[in-house]
1. Could you give the angle, 0 to 90 degrees to the nearest 10, between helix 3-29's Cα long axis and the longest principal axis of the Cα atoms of the chain?
2. Averaged per residue, what accessible area in Å² does segment 1-61 show with a 1.4 Å probe, protein chains only?
3. Rg and Dmax of the chain, Cα atoms, in Å?
4. Angle, helix 35-66 long axis vs. longest principal axis of the chain, Cα atoms, 0 to 90°, nearest 10?
5. Expressed as a whole percentage, what fraction of the accessible surface of the chain belongs to carbon and sulfur atoms when a 1.4 Å probe is rolled over the protein heavy atoms?
6. Positive end of the dipole of the chain, charges at C-beta (+1 Lys, Arg; -1 Asp, Glu), about the Cα centre: which of S28, Y60, A40 has its Cα farthest in that direction?
7. Enter the accessible area of V32 (Å², nearest 10), with the probe set to 1.4 Å and all protein chains included.
8. Within segment 1-30, whose backbone N sits under 14 Å from a point 7 Å along Cα→Cβ of D62?
Amino acid sequence: MSDKTYDTIKTVALLVAPVITFIGALVSIWNVPYMTEITATLAAIDTLAGAVVIVAKKIYEDKKGEK
């Protein structure tokens, strides 16, 4: 994974959590249908992005240590 790809995924992961909180607050305030499904889907996406960042960081650190 390139540094640019890692940085992009990391940025998305760090930004998605606050966005999920914001969207969750709005859908509950405005009684949007499927509120639970929307927030659960966004949380699942953020969790996956976080896992990808952790794995990518580990791979990067392992390659850096081999040099």
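The values are calculated or read from the model by the stated rules, or taken from the named source; none is laboratory data. The structure presented is a predicted model; accordingly, all values stated were derived computationally and were not measured. Backbone-built Cβ (ideal geometry, glycine too); neighbour counts: all protein chains shown. Quick note on the areas: whole protein, heavy atoms, side chains included, nothing else; ligands and nucleic acids left out. Shrake-Rupley method; radii C 1.70, N 1.55, O 1.52, S 1.80 Å.
1. On a 0 to 90 degree scale, this one is about 10.
2. In whole numbers, segment 1-61 has 74 Å² accessible per residue.
3. Expressed in Å, the Cα Rg and Dmax of the chain come to 15.7, 55.
4. That works out to roughly 10 degrees.
5. Taking all protein chains in place, the chain shows 70 percent carbon and sulfur surface.
6. With unit charges placed on the Cβ atoms, the residue in question is Y60.
7. Solvent-accessible area, nearest 10 Å²: 60 Å².
8. Residues 1 fall inside that zone.
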